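The values are calculated or read from the model by the stated rules, or taken from the named source; none is laboratory data. Quick caveat: nothing in here was measured; it's all calculated off a predicted structure. Neighbour counts are summed over all protein chains in view; Cβ atoms, including those assigned to glycine, are modelled from backbone coordinates with ideal geometry. Note: accessible area is taken over every heavy atom of the protein model, side chains too, but ligands, DNA and RNA are not part of it. Shrake-Rupley method; radii C 1.70, N 1.55, O 1.52, S 1.80 Å.
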Amino acid sequence: MELLDVLMGLPPGEAVPLSAVGPSNLRVLGRAPSGVVGFTRGSVTRLVVPAVIPLLAVVYCSHWRAGLVRASEFAAYCPRMFVARELPENADEVLAEASWYGVGVAVGPRSAPAVVLEPEPLSEWRPTVAWWRFCERVYSHTLDR
């Protein structure tokens, strides 16, 4: 996590003068695995970026409240949406609450749900170490298939 924290402070693919990087951060970067950063006599360059960048978290649920709760777990990382088989009788309340939290709603079968409420984009979002770790976890799930 310490290495990710330091890497997040470096722009990807751009040489940063060593004088602009603190001594403790240089020590951390010096211990990085091969291929993570590149050093020259006067600069360091971040070579890695997240393997994937999730654009939308989609949660399938049998009850809208559970979908709203589960989708909200991704609020710090990317826009999110839940998919339910159908909306309950109080659909207006469900959509109002989902809208309040910025969660999108889709209805129908997994193979072809219809979006009834678009998810809100993240506002004032900045990548963090936790976000990078989230990206790595998402990527690891693609390898399991």
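What is the sum of charges around residue 90, taking Lys and Arg as +1, Asp and Glu as -1, for the other residues whose C-beta is under 13 Å from the C-beta of residue 90?
Working: positive: 65; negative: 86, 89, 92, 93, 97.
For residues surrounding residue 90, the net value is -4.
Given the protein chains as shown and a 1.4 Å probe, how many square angstrom of residue 8 are accessible, to the nearest 10?
50
Ratio of Rg to Rh for the chain, alpha carbon only, Kirkwood? Please list the in-between numbers first.
On the way: Rg = 20.2 Å, Rh = 17.6 Å.
On the Cα set of the chain, Rg over Rh gives 1.14.
At a Förster radius of 30 Å, what calculated FRET efficiency corresponds to the Cβ-Cβ distance of residue 14 and residue 116, to the nearest 0.05?
On the way: r = 43 Å, r/R0 = 1.42.
E between residue 14 and residue 116, to the nearest 0.05, is 0.10.
Using only the Cα atoms of the stretch 89-141, what do you get for the radius of gyration and for Dmax, in Å?
14.9, 41
Using +1 at the C-beta of Lys and Arg and -1 at the C-beta of Asp and Glu, which of 40, 123, 103 has the Cα lying farthest in the positive direction of the dipole of the chain?
Of the candidates, 40 comes out farthest on the positive side.
For the residue pair residue 90 and residue 142, what label-to-label distance in nm results when each label sits 7 Å from Cα along the Cα-to-beta-carbon direction?
That separation, rounded to one decimal, is 4.0 nm.
Once both labels are modelled 7 Å past Cα along the beta-carbon direction, what's the residue 47-residue 66 spacing in nm?
4.6
So for the stretch 10-145, averaging the separation of alpha carbon pairs under 8 Å that are six or more residues apart and normalising by length, what relative contact order in percent results?
Details: 195 pairs, mean separation 25.8, N = 136.
Relative CO of the stretch 10-145 lands at 19 percent.
I'd like the accessible area for residue 128: 1.4 Å probe, protein heavy atoms, all chains in place, Å² to the nearest 10.
70
What's the magnitude of the charge dipole for the chain around its Cα centre, counting Lys and Arg as +1 and Asp and Glu as -1 at the beta-carbon? Answer in Debye, nearest 20.
That gives a dipole near 800 debye.
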